[in-house]
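A short write-up of the structure that comes next.
No value in this document is a laboratory result; all are computed from the given coordinates. Because the structure is a prediction, the values reported are computed rather than measured. Every residue, glycine as well, gets a Cβ built from its backbone with ideal geometry; the counts of neighbours run over all protein chains shown.
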């Protein structure tokens, strides 16, 4: 085994360990191995305004004109029109009536921009604050928070991703990986091995033998970190933990408030997990790629997004959780304001909108301005790394602290972006 290990390069060795453990144990949530040096856990900075973060990702490129930056210009407006909200002077699309009733709770940023116009690159950038680079895997915000602030609870993971695949820990240790949940109605049931308990325990014993043999033949920190990660993962299968992931325990009135869609159930699970000491939860809503027939796409997606997100804000507020829980709704890029020949909107990285609420964010305001065609930003522009720096700032992470990973290369949480200070009521 020692000879095999020494023949593997860094990436191959990680893939070997991942594949061996996954095939042995029969589970699908194991992340790739990584290796940033451990850091001393710090306390959140004095300016920290959020303990928790819920990240709502609109996959596919959400149209800003049909959501948070509506216009009346001919050929631009499409199916939506500006509509008043519960805040004087703040307008949203008339396709977001329920969010309009909660506008006092959130801030809209209409001056977002990016240079990345493809889905894969835009998705990666919006999730990490970094552009994709060969051979480098960057962490998402939940992993950064755990790296600096430490694991909050031994009962639940520090971060969870609902409906967004398995992003892994980036260049951090495996135990910094978010827990991926597919169907929020099933919680972690789909993650359980498809074997009986006796067989699973036998495989665990075999895996431990494998780990010890590998460690003797090739003493590497990543072997131990992988074992530590799996020990923590197995704890999730405890009945008390599985209950925390069970939205069926929620009152019927609360479930009715959110609705029955998978996205709605994901938001309810997010609130439930934050309430149970999970620090970071992401929930995705896809289907925003409206290059053909935008009117139908916009109507369908805004309907799917509007009431559940409004319910989340209302629920967090009524339970006293919004003050220390930051909610961010973002997407990889915007959509062309002018309708194309196919009745759709094409990719438009030049301008898009996001929404932020809670965790110190001053609600009832619009940050940034676009022209009448929603095509040009007329105020200070912000990009994905600025959003990540803002989220890190709210959580009290050390945004000026350099860490080294991936062969000693320097990295910063937020990638040295600007804090969107207007979001917190300051210039």
Given a Förster distance of 51 angstrom, what is the FRET efficiency for residue 261 paired with residue 209, based on the Cβ-Cβ distance and rounded to 0.05?
-> 0.65
How many percent of all Cα-Cα pairs in the range 242-292 sit more than 13 Å apart?
-> 61
Any idea what the alpha-carbon Rg over 2.2 N^0.38 Å comes to for the range 36-139?
-> 1.42
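Over the residues of the range 117-174, compute the C-alpha Rg and express it relative to 2.2 N^0.38 Å.
Dividing the Cα Rg of the range 117-174 by 2.2 N^0.38 Å gives 1.20.
Ranking 88, 306, 346 by Cβ neighbours within 10 Å, fewest first, what do you get? Present the calculation step by step, with values, prior to reporting the outcome.
Numbers: 88 8, 306 19, 346 16.
So the residues, fewest neighbours to most, are 88, 346, 306.
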Listed peptides 278-289, 71-82 by packing density, highest first (mean Cβ within 10 Å) = 278-289, 71-82
Based on the Cβ-Cβ distance from residue 319 to residue 185, what FRET efficiency comes out when R0 is 30 Å, to the nearest 0.05?
-> 0.90
At 10 °C and 1.306 mPa s, what whole-number value in µm²/s does Stokes-Einstein give for the translational diffusion of the range 234-327, with Rh from the Kirkwood sum over Cα pairs?
-> 109
Exposure proxy check on 54, 377, 247: fewest-to-most Cβ neighbours within 10 Å is 377, 247, 54
Rank these for me by crowding, 383, 104, going from fewest to most other beta carbons within 10 Å.
-> 104, 383
Could you work out the mean projected area of the convex hull around the alpha carbons of the range 241-392, in square nanometres to one decimal?
-> 10.1
Kirkwood hydrodynamic radius of the range 351-391, Cα pairs, Å | 11.6
The range 291-380 - Rg over Rh from alpha carbon coordinates, Kirkwood radius | 1.04
In this structure, the FRET efficiency calculated for residue 402 and residue 151 from their beta-carbon separation, with R0 = 35 Å, to the nearest 0.05, is 0.95
